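Visitor: Sending over a structure as structure tokens; questions will come in a sec.
The values are calculated or read from the model by the stated rules, or taken from the named source; none is laboratory data. For clarity, every value in this text was computed on a predicted model and none was experimentally measured. Cβ placement follows ideal geometry from the backbone for every residue including glycine, while neighbour counts extend to all protein chains displayed. In case anyone asks, the SASA skips ligands and DNA or RNA and just uses the protein heavy atoms, side chains included. Shrake-Rupley method; radii C 1.70, N 1.55, O 1.52, S 1.80 Å.
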Amino acid sequence: MVVEVPDTSLDTDRVKGKTYGSAGIAEYWIMNLVDRCIEVYTRPDAASELGHASHKIFRANESIELHIAGQDLGALAVTALLP
């Protein structure tokens, strides 16, 4: 899993997803400080424009279910992760 926290390089960090997907990184998160949301990219796919087959945006009033190595680790509130 890779997490980027850009404040001025949002477009650049979105492009990095292609590299991470090609490298087989299972999850890639962008903590989007500008729009106060978290972009979650999963299911690496080098052929995809985003580098991952799945992309979801989680807003301030939502939570993200965290699964690592097949284990359910509970939910993280987006507001708890953003400054």
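Visitor: Going through the range 41-50 one residue at a time, which ones are within 18 Å of Ile68 (Cβ to Cβ) and crowded, with 17+ Cβ neighbours inside 10 Å?
Guide: Residues satisfying the conditions are Tyr41, Thr42, Pro44.
Visitor: Among the residues of the range 51-81 satisfying the criterion of being of a type outside the set (Val, Ile, Thr), in contact with a helix residue (DSSP H, G or I) (Cβ under 9 Å, 6 or more places away or on another chain) and assigned to a strand (DSSP E or B), which is surrounded by the most Cβ atoms within 10 Å (Cβ to Cβ)?
Guide: Result: His52.
Visitor: Given the condition assigned to a loop (DSSP other than H, G, I, E, B) and open to solvent by 80 Å² or more (accessible area, probe 1.4 Å), answer yes or no: does some residue in the range 11-29 qualify?
Guide: Checking the range 11-29: not a single residue is assigned to a loop (DSSP other than H, G, I, E, B) and open to solvent by 80 Å² or more (accessible area, probe 1.4 Å).
Visitor: Report every pair of residues separated by at least 6 positions or lying on different chains whose Cβ atoms are under 6 Å apart, first residue within the range 17-36 and charged (D, E, K, R), second surrounded by fewer than 16 Cβ atoms within 10 Å (Cβ to Cβ).
Guide: Here the result reads Glu27/Met1; Arg36/Ala60; Arg36/Leu82, each pair linking the range 17-36 to a residue that is surrounded by fewer than 16 Cβ atoms within 10 Å (Cβ to Cβ).
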